[in-house]
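The values are calculated or read from the model by the stated rules, or taken from the named source; none is laboratory data. Because the structure is a prediction, the values reported are computed rather than measured. Heads up, the Cβs are rebuilt from the backbone with ideal geometry, glycines too, and the neighbour counts pull from every protein chain shown. Quick note on the areas: whole protein, heavy atoms, side chains included, nothing else; ligands and nucleic acids left out. Shrake-Rupley method; radii C 1.70, N 1.55, O 1.52, S 1.80 Å.
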Amino acid sequence: MAFLARTVLWYIVFAGFAVNYMLRINMNIAMVSMVSWAYLKNQTKTSQCEQTVAVNSTSVWKETDDSGFPWDETVQNRILGSFFWFHWVTQIPGGLLARKYGTKAVFGLSNFSCCLLNLLIPMCAYAGSNVLVANRVLQGLIVGMAWPSMHHLTAQWIPPNERSKFVSAYLGSSVGVAITYPLCGFILNHLPWEAVFYVTGALGTLWFIIWWLLVYDSPSQHPRISEKELKYIQDSLGPALAKTKMAIPWKPIALSVPVYMVIIAQWGGGWGLFTLMTQAPTYFSVILGWNIKMAGIWSGIPHLCRWLFALGFGIFADYLLRNKKLSRTNVRKLAVLFSNVLQGLLVIGLAYSDCNSTAAILFLVVATGVHGAVTSGPLSNVVDISPNFASVLQGFVGLFTNTPGFVSAYLVGELTFENQTLERWKLVFLITSGMLISSGVVYLLFADSELQPWNNGVVEGSREEQEVLSTKREMITVVQNPSRMFNENTERNGTKR
């Protein structure tokens, strides 16, 4: 039995986001083997989880020689955080380019270009930390176009009551992390660190070939989609998705409270995700004393759980919407209750787990896992409030929500500079939990996921075309809210009496 075209699309998008994150986080674990930790051996490391380190006889201290790069915590976190320095700059351009050239070109070429730069990382590292930083900055700049461009494809392909499940494909990013950390840990245990970047670059190139051959920007362009599926998608999208090119309503977007609630929720969630994802390998290796292979495995497992939770919660969220158990707004709020508030509470547990590695792993796994609900929350919320401008809207949101990537890395670097202690890492995690909980509470109080009036935009065309659109808007209002027309007629008749 043939798969539905949008099912095939889900799998390829899923793999695309896995590649996207594989390329951005391989440095996080490779860094442990790239750097010489000789300067730390003179510190009183025995006071930090000495029992754990003693048990793990092949800890990072014993397997890492002194021939690596002499980069301290500040330099390391500058390299890790540099990916996000200008990542926000291309968020809006990514959405605009997707509207003009399609997601196939923007998302595909963004990932592929990052693959090519990834293959150059070893050469850049030997040229100096500043050259490596320049490479990472360029990677982040190019990949910044990927995420907002995907919202355009989602709006073109996916019926409203299937969005929560489809957007879970975005968390292919989590599976990318879950695979990359153990894979890189295995590579680093048997091969030189340079192999990490060659292997991940090759995998990304293979994905790009498949993407370019099988993905199309809209159902009507797909040569193999069935007539039944095409009609279902077009009927489901209905009048909310415009067929006419419209000017982008920048001012209403910039003044929209629902948009800023999405920004706040994604910003807080991003702080938690980037901190745990970027710093986990270092925390497990340096503080808990795990060897590089074990650090890779335990850094990756939480993100596999994150994707599984995203998929399960997405199916549950679509069930609630399809059967009208909760309003769309309340479904998105329920998701944020998990992705931000509950995660924040679990990160507090991680902060106080101290040298209990079992508790630390448990809290990290569950905290990262529940963040998977973000796909049914603020990520889906973007498409809910404006399917016509979803890619541009996500680009606007991304201007703000990608900043935690480098701000949190800088903060960790400053807090742990020549001071790799439990107390300092506890402070890192408590700050993270504060960001998560506060952003979640604000979203729960003020968020709105209903279709916004400015979704209909302004037509770029003749006066006659604009008059036609005005008529269409009135029809859309009736289709979406027939009770409003009834109430208006009742009020009008009542006034006449």
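Details
- Some residue of the stretch 352-369 being β-branched (Val, Ile, Thr), open to solvent by less than 10 Å² (accessible area, probe 1.4 Å) and under 17 Å from Ala265 (Cα atoms): yes
- The set of residues in the stretch 146-172 that are open to solvent by 10 Å² or more (accessible area, probe 1.4 Å) and either among the acidic types (Asp, Glu) or closer than 16 Å to Val19 by Cα (or both) comprises Trp147, Glu162.
- Unmet requirement for Val177, which otherwise passes all of (1) in contact (Cβ under 8 Å) with a residue 40 or more places away in the chain; (2) open to solvent by 10 Å² or more (accessible area, probe 1.4 Å); (3) under 26 Å from Thr275 (Cα atoms): (2)
- Residue match in the stretch 217-229 (condition: open to solvent by 40 Å² or more (accessible area, probe 1.4 Å), in contact (Cβ under 8 Å) with a residue 24 or more places away in the chain and touching a Gly at 6+ places or on another chain (Cβ under 6 Å)): no
- All conditions but one from (1) surrounded by fewer than 23 Cβ atoms within 10 Å (Cβ to Cβ); (2) at pLDDT below 90 apply to Pro302; the one that does not is (1).
- Residues in the stretch 387-407 that are touching a Phe, Trp or Tyr at 6+ places or on another chain (Cβ under 7 Å) and not β-branched (Val, Ile, Thr): 8 in all.
- Residue within the stretch 155-168 that is under 19 Å from the mean Cα position of the chain (by Cα), modelled with pLDDT of 90 or more and aromatic (Phe, Trp, Tyr) present: no
- Checklist (1) on the phi > 0 side of the Ramachandran plot; (2) modelled with pLDDT of 90 or more; (3) acidic (Asp, Glu) applied to Asp448, failing item: (1)
- Candidate set from the stretch 238-260 (those that are part of a helix (DSSP H, G or I) and modelled with pLDDT under 85); member that is surrounded by the fewest Cβ atoms within 10 Å (Cβ to Cβ): Gly238
- Test result for Ala317, within 30 Å of Tyr101 (Cβ to Cβ), open to solvent by less than 10 Å² (accessible area, probe 1.4 Å) and either touching a strand residue (DSSP E or B) at 6+ places or on another chain (Cβ under 8 Å) or of a type in the set (A, V, I, L, M) (or both): no
- Close pairs from the stretch 200-213: first β-branched (Val, Ile, Thr), partner in a helix (DSSP H, G or I), Cβ under 6 Å, at least 6 apart: Thr200/Met22; Thr200/Asn26; Thr205/Cys115
- Residue within the stretch 48-57 that is buried (at least 16 other Cβ atoms within 10 Å of the Cβ), modelled with pLDDT of 85 or more and polar (S, T, N, Q) present: no
- The condition of being open to solvent by 10 Å² or more (accessible area, probe 1.4 Å), farther than 28 Å from Pro387 by Cα and out of contact with any helix residue (DSSP H, G or I) (no Cβ under 7 Å at 6 or more places or on another chain) holds for only one of Leu183, Leu117, that being Leu183.
- Condition check for Tyr126: hydroxyl-bearing (Ser, Thr, Tyr), touching a residue at least 12 places away in the same chain (Cβ under 8 Å) and either out of contact with any strand residue (DSSP E or B) (no Cβ under 9 Å at 6 or more places or on another chain) or assigned to a helix (DSSP H, G or I) (or both): no
- Breaking point among (1) open to solvent by less than 40 Å² (accessible area, probe 1.4 Å); (2) at pLDDT 90 or above; (3) of a type outside the set (Ser, Thr, Tyr), for Phe112: (1)
- Across the stretch 261-299, the qualifying residues are those that are under 16 Å from Val347 (Cβ atoms) and β-branched (Val, Ile, Thr), and the one among them that is modelled with the highest pLDDT is Thr275.
Each row is one residue, and each column tells you yes or no for (1) aromatic (Phe, Trp, Tyr); (2) in contact with a His (Cβ under 9 Å, 6 or more places away or on another chain); (3) at pLDDT 75 or above.
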site: Phe406; (1), (2), (3): yes, yes, yes
site: Val412; (1), (2), (3): no, no, yes
site: Thr416; (1), (2), (3): no, no, yes
site: Asn419; (1), (2), (3): no, no, no
site: Phe429; (1), (2), (3): yes, no, yes
site: Val441; (1), (2), (3): no, no, yes
site: Asn455; (1), (2), (3): no, no, yes
site: Gln480; (1), (2), (3): no, no, no
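- Residue check for Tyr181: modelled with pLDDT of 90 or more and outside any loop (DSSP other than H, G, I, E, B): no
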